[in-house]
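What follows is one structure encoded as structure tokens, with my remarks underneath.
Nothing in this text is a laboratory measurement; each read-out follows from the coordinates by a stated rule. Keep in mind that what you see is a predicted model, and the values were worked out from it rather than measured. Neighbour counts run over all protein chains shown; Cβ positions are idealised from the backbone, glycine included.
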Amino acid sequence: MTDGVATRQDATEEIPEWPPPPIPSPRGRRPWFAVFALRGGKAIVALVSVAVLVLTWYGWQFVGDPNQGLTTSEVFADNELHAVPLDGAVDILLVGMDSRTDGQGNPLPREVLDMLHAGDAEGEKQTDTMILVHIPQDGRRAVAISFPRDSWVELAGGFGKHKLNGAFVYAYNERFRQLQQRGVDLKEADRQAKNAGRQNLVATLENFMGKPGMIDRYAEVNLASFYEVTRALGGVEVCLNGPVHERKSGVDLPAGRQTVEGVQALAFVRQRYDLPNGDLDRIARQQAFLSGLARKVLSRDVLMNPGKLGDVITAVKKSVVLSDNWDLTQFAGQMRGLDSGRIEFRTIPTLGNAVIGGADVLRVDPAQVHQFVDGLTADPGATSTTATPPTTSSAPPSSKAPPSSAGRANAGAAGRSLPPPSSAPPPITGGEVACVN
């Protein structure tokens, strides 16, 4: 194939619908009782999302075994390659799917989609958010590394170069067609195809980082997760540099510090258009939101409110998919020493915007990404020659003005652009309310 031209069938073709499976009935909760382990709240921060970690310590203490009632997926095709490393570190891929279904595959009602400004189903199997969460053995700190969805990378599975968010959908569509041709039931074909998509996404990111087998846990949330979880929590505090109003996402918020929940929380993290730095600004919003989410979960308003925690757990179980063989209670024990001030949010360095094959993409240098990830995930107690992650700029690399028509034309024609020096946006930590665009 040539740059930007797929050698497989188009990944966006329609996939047939099928009768959705029923939602399993929720497991009965044990009574909430006296001893409340505040240290358990610290476990929630580790995955950067209450949509996953609220099921760990709290689920174990008050609701019963958190491993019960979860939706799981056979993400890791090679269990030996992806076994938890001997050093005890955990590397979790947190994925946000632009999906119109809940965690069990049931379609969201039309009125819910309209309320969430979800639009039609175009691109619904693309991964809008990809965050690697690295937690060392001692569990006392964590780093969450964001990978922009528009990064121009080599996809695993022989699909060639495409945007990073195509890794799932290309593999999904290929596997689904194969299973259809064999006469496999549509529901089962969808299940197996989703596993193939997740496996291809994991392999693509590991190859991109130069770390085969690094990722050993997988957590996936969908459109409804932010809506349901933030409503259950009573909102999350964020801060905007200026007022925003954008029709496609439905976002309509003033400048300054404020609390968002439900529809506006989802719009806050989904907005792509009318942002000075495009997807990099959206990533900064997601990181700021997750930072606020961690602070909210650790607040007394949540920790001492059994009813609120129960609502959150119910919301989570409807909208989260985890890799199988993930023992959440064991994981929670490892996370006891982590608090919101010890998690750092970073974004990989990029080389600026370009147009390739008619698509707006972000150019990246895999060698720089290797160095960046190495510097953030190296064992702090080990001797290493790995350089510090490059941070040559304190702001996203693209300017507030769009690229000139000449520059864009040259990038599209030649398949390359004249990038600025590689840069990574400044980090966001869990202990602060960061103002973002």
Considering the options Leu201, Val169, Val184, tell which one lies farthest towards the positive end of the dipole of region 144-256, charges being +1 on Lys and Arg and -1 on Asp and Glu at the Cβ, about the Cα centre.
-> Val184
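Based on the mean of other beta carbon atoms within 10 Å per residue, what is the order of 196-203, 210-217, most packed first?
Values: 196-203: 25.1, 210-217: 18.2.
Per-residue mean Cβ counts within 10 Å order the peptides as 196-203, 210-217.
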Compute the separation of the alpha-carbon centres of region 252-275 and region 192-238 and state it in Å as a whole number.
-> 21 Å
